[in-house]
1. Just wondering, is there one or more residues in the range 120-133 that are without any contact (Cβ under 8 Å) to a residue 60 or more places away in the chain, open to solvent by 20 Å² or more (accessible area, probe 1.4 Å) and either of a type in the set (A, V, I, L, M, F, W, C) or within 19 Å of G97 (Cα to Cα) (or both)?
2. Being in a loop (DSSP other than H, G, I, E, B) and polar (S, T, N, Q) is the filter here; which residues of the range 54-94 pass it?
3. Of all residues in the range 57-71, which are open to solvent by 60 Å² or more (accessible area, probe 1.4 Å) and either within 14 Å of the chain's Cα centre (by Cα) or touching a residue at least 40 places away in the same chain (Cβ under 8 Å) (or both)?
4. Might you let me know whether the range 23-38 holds any residue that is on the phi > 0 side of the Ramachandran plot and surrounded by fewer than 19 Cβ atoms within 10 Å (Cβ to Cβ)?
5. Can you name the number of the only condition in (1) in contact with a Lys or Arg (Cβ under 8 Å, 6 or more places away or on another chain); (2) under 14 Å from A71 (Cβ atoms); (3) at pLDDT 95 or above that D128 fails?
6. Please go through the range 18-44 and give me each residue that is within 20 Å of S91 (Cα to Cα) and of a type outside the set (A, V, I, L, M, F, W, C), ordered by number.
7. For D141, only one of the following conditions fails: (1) of a type in the set (D, E, K, R); (2) in contact with a Leu (Cβ under 6 Å, 6 or more places away or on another chain); (3) open to solvent by 10 Å² or more (accessible area, probe 1.4 Å). What is its number?
8. Would you call A149 open to solvent by 20 Å² or more (accessible area, probe 1.4 Å), more than 22 Å from W52 (Cα to Cα) and without any contact (Cβ under 8 Å) to a residue 40 or more places away in the chain?
Amino acid sequence: MELDSRPLAPEPYDLLPKTPGFTLTSADIADGAPVAQEFVAAGGNTSPALDWSDFPPETRSFLVNCFDPDAPTPAGFWHWTVADIPADVTSLPRGAGSLAGDLPAPAFTTRNDDGTKGYSGCAPPAGDRQHRYVFAVHALDVASLADTARLGPDTPPTAVAFNALFHTIARATLTPVYRQA
C-alpha cells in the first residue's frame, strides 16, 4: 500500500468532547497554508510564534501542542507539548520550542514522539501526501498539570493530552499543512 492511498484521519479534536473556542493567530503559520522551511525538521526546525486571546476568564493555565494526525501510525505523531503556561501569558515567540527557548516559568516541554524534548518540526515521509499539523492552545481550569496530574518533562505527550482533556475549558487551533517531495 502506498502511504498516500490511506484515508485521511479525522480531525483529532472532533473526536473529543466539544469545548468553546477562542482566538489563535500566528505571524508564521495559517490554517491550510503550507509550512515554511524554517518550521520543518529538515529546515530550521524552529517552533512558530503563537498568540492567543478571547479565552475564558476562569482560565488558570494553558497547554500548547502540535500534532500530525496524518502520520503513518495508528496514533498520529506528537511534535510539541508545552505544559503549565501561566494564565497571564498569551503568546509564545518564534523559537520558544527549542531546548534553549524562552518559556515563561513554570512552563515546561515534554518529550515528543521522536523521543526528544522541545519542538520537532514537520517531517512527513518523502513522497507521502500532504500532512496536517494541528497547533492547539488549550485553556485549562488548573494552574498546573504537573501538580494536578503529576506530569513532568519525561511524560509522554499522549499522557499529557489525556490528562489535559479533563481540565480543558476551551481550545483554539491552527492547522497548516506540509508535504515533503
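1. yes
2. T59, T73, T90, listed by residue number.
3. Selection gives E58, R60.
4. yes
5. (3)
6. P20, G21, T23, T25, S26, D28, D31, E38
7. (2)
8. Yes; evaluated as a whole, the condition is true for this residue.
The values are calculated or read from the model by the stated rules, or taken from the named source; none is laboratory data. This structure is a prediction, so every number in the text was calculated from the model and none was measured. Counting neighbours? That spans all protein chains shown, and the Cβs are built from the backbone with ideal geometry, glycine included. To get the accessible areas, we keep the full protein, side chains included, count just its heavy atoms, and leave off ligands, DNA and RNA. Shrake-Rupley method; radii C 1.70, N 1.55, O 1.52, S 1.80 Å.
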